[in-house]
1. Among strands (runs of 3 or more DSSP E) lying entirely in the range 266-367, which contain 1 or more residues that are within 16 Å of the ligand (Cβ to nearest atom) and surrounded by 24 or more Cβ atoms within 10 Å (Cβ to Cβ)?
2. Please enumerate the residues belonging to the range 326-369 that are more than 30 Å from Arg257 (Cα to Cα) and of a type in the set (Lys, Arg).
3. Among the residues of the range 87-136, how many are without any contact (Cβ under 8 Å) to a residue 60 or more places away in the chain and either part of a loop (DSSP other than H, G, I, E, B) or touching a Pro at 6+ places or on another chain (Cβ under 7 Å) (or both)?
4. Condition first: polar (S, T, N, Q) and more than 22 Å from Phe202 (Cβ to Cβ). Now tell me which residues in the range 295-343 satisfy that.
5. Any residue at all in the range 312-327 that's in contact (Cβ under 8 Å) with a residue 12 or more places away in the chain, within 30 Å of Ser276 (Cα to Cα) and not hydroxyl-bearing (Ser, Thr, Tyr)?
6. Of everything in the range 19-44, what is more than 8 Å from the ligand (Cβ to nearest atom) and within 19 Å of the chain's Cα centre (by Cα)? Give them in sequence order.
7. Among the candidates Ile301, Ile290, which residue alone is out of contact with any Lys or Arg (no Cβ under 6 Å at 6 or more places or on another chain) and under 30 Å from Arg409 (Cβ atoms)?
Amino acid sequence: MELSKIARVILITKASIAESNTSYAQGGIASAMGSNDSPEFHYQDTIMAGAGLCNSEAVITIVHEGIDRVKHLIDLGVPFDQNQGGLSFTQEAAHSRRRILHAEGDATGRAISQTLIRHVQQANIVIYEQHFALTLVTKNGQCCGVVTIHNQRLNLFLASAVILCSGGAGQIYDKTTNPQVATGDGLILAYQAGAVLKDLEFIQFHPTALCLPPAPPFLISESVRGEGAILLNGAGERFMPRYHELAELAPRDVVARAIFQEIHTHDNSNVFLDLSKIEPNSIQLHFPNIFSTCLKYGLDIRSQPIPVAPAAHYMMGGIMTDLYGRTSVPGLYAAGEAASTGVHGANRLASNSLLEGLVFAGRIADHLKAQSYCWPMEVNNLTFHYPILLGAYEQWSDNLIALQRVTSRYLGIIRDDSGLQAAEQLLLTSGHTVKSEFELNPYYFECQSMLRLAGMIAQAARIRQESRGGHYRSDFPDSDPNWRKHIHFHDNKIEVIGA
Ligand SMILES: Cc1cc2nc3c(=O)[nH]c(=O)nc-3n(C[C@H](O)[C@H](O)[C@H](O)COP(=O)(O)OP(=O)(O)OC[C@H]3O[C@@H](n4cnc5c(N)ncnc54)[C@H](O)[C@@H]3O)c2cc1C
C-alpha cells in the first residue's frame, strides 16, 4: 500500500487474497502500549523466548517501531477491541505484561487482513489471485521478476523489486494449525535464486489445537490460558505446575512438550483445557470464534473441557534478511513468516509474528521509497530459477501423506539422531531425477517445495546436537552454549555460523 503511492505495485497470491495464515491469527498483535508496559519489557520477553538466538537489533526494531506501525493500523480502521474507552490488552504465555491487542475477540487476523484488503483494493495496486509463483527471475544476479502458473499457463512479471511475503510451511506436518496455502514455496523460490535460508530446525508447535476428529486441528488461542484456563491430563490432574513455574503460561515449547509427555504417559490422544475458572458469558464474549467453532462440532466450551493436542504452527527460520528486509539476492526482499529477520531466535514469543510482518514490511517500503530505479530494463539475458524436480514424489497426494508421516514422526516435538537419520534418508535420497514432462499443476510444485524444505529441516535438526527453543533432541536434552549459532543453507552448502 505504501509503495503504491510512488510506484506500480502488483500483488500476486496463489489462492484468493483472503486466504492466508494472517486471516486465521486469533490471539492478537503484541505492542507495548499499555500504561504499565514499555518496549524494554517487550524486548526482554522476546529475548527470553528466543533462547539465545535473537538478533537484538531486530528485536529492538520491532518493539520500538511496532508501536507507531500498530497506531497506523488503527488509523486505517482495524477495529481493535476497547475496554472502558481505551484499548483492551490480553495476556499470553511468556509475556510479562498484558500487551496483546485483539480485534473481534479472537479473530484479530481476520480483522487486520480484511481492513488491509479493503485498502489494497482501493489503492493503485493490480491484484492477481490464483497465480502460483513458480520461479524467481534474475538478471546479472539481480532479482527482477517472477513466473507464475495461472490456468495451466506460465506468466512472466518483471519488476524492479520483488518482495516475498509467502508465509510459513505448516502443511509439511499432518497436524497443523496452518491453512492449505502454507507450503513454504517462497523459501524454496528464494533458495533457488541464491538466497540464504537459516534457522530451519526451529519449528514452533502450538500446544493447544482442537483434537476432536473429524474437526480440523483448529487453534485454541493462548489467550484462553491467559484468561485462566488450565490444562488437565487424562487422569484429570493439573500437570503444568510440575513442568514450569509459569505453569500454563510457560513458553510454548515447554507447554507443547509437557502435553506431548502427558499424552504418551497416559496413552491418550489429547489432554483437556478446562475453562471452568472463566465466567461462561466472558467465554462467549472474548472467544466468539473458538466458541462457535467448537459448538459446530458439538462441544459447548462454557460447560465442557476442550480436548487439545499440539500441532505444527510457526516456522522461526526462513529467508535470511537484514533490517530492511533485504535478502542476500539484490532486488529480492522478504517479510513476514517467510523471512528470518532474527526477531524470534529459536522460539517465537506469542503474537510477535503479526508485529514482525507489519514492521519489516513497512521498513521495506521505506527503504524502497528512498531508492532510485532505472526502469524499464531490457528484457534479455534473464535467468529462470526453475525447481529441480524430485522424482520419487511423482504420486503427489499419496506422497504428501507419506511426507507428512515422516515429518510428524521424526521432525516433530521430540527428535533424536536415529529418527533424524531415518528422515534424511527418506527425504533426501529420493533421487533428483528431472522429469521431462509435467503438468503445470501448482499442487505438484507445492509438494516439491515441502519435500525439499523437510529435507533441509532434517539436516539442520541433525546437525544441531543440543536442545534450544523449538528444537528438542531427547539425545541432547540440554542447551549447549557452544551452539549459540545459526545453520545456513546456501547454494547447496550448509554452514554453521556464530550468533
Ligand atoms: C491459526 C493461527 C493463529 C495464529 N495466531 C497468531 C496471533 O494471534 N498473533 C500472531 O502474531 N501470529 C499468529 N499466527 C501466526 C501469524 O498469523 C503468521 O505468522 C502471519 O500471519 C504470517 O503472515 P505472512 O504475511 O507472512 O503470511 P500469510 O498471511 O500466510 O500470507 C502468505 C500469502 O502468500 C501466498 N503464497 C504462498 N505461496 C505462494 C506462491 N507460491 N505463489 C503465490 N502466492 C503464494 C499465500 O496465498 C498467502 O496469500 C497464527 C497463525 C495461525 C495459523
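No lab work stands behind these numbers, since they all come straight from the coordinates. Everything quoted here is computed from the prediction, not taken from an experiment. Here the Cβ positions follow ideal geometry from the backbone for every residue, glycine too, while neighbour counts run over all protein chains shown.
1. Counting at least 1 such residues, we get 306-315, 318-320, 332-334.
2. Arg326, Arg363, Lys369
3. Residues flagged as without any contact (Cβ under 8 Å) to a residue 60 or more places away in the chain and either part of a loop (DSSP other than H, G, I, E, B) or touching a Pro at 6+ places or on another chain (Cβ under 7 Å) (or both) within the range 87-136 amount to 3.
4. Ser303, Gln304
5. yes
6. The answer is Ser31, and nothing else.
7. Ile290
Listed here are the residues, each with its yes/no results for (1) farther than 30 Å from Gln152 by Cα; (2) among the hydrophobic types (A, V, I, L, M, F, W, C); (3) touching a Cys at 6+ places or on another chain (Cβ under 9 Å).
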{"site": "Gln448", "(1), (2), (3)": "no, no, no"}
{"site": "Glu466", "(1), (2), (3)": "yes, no, no"}
{"site": "Phe476", "(1), (2), (3)": "yes, yes, no"}
{"site": "His486", "(1), (2), (3)": "yes, no, no"}
{"site": "His490", "(1), (2), (3)": "yes, no, no"}
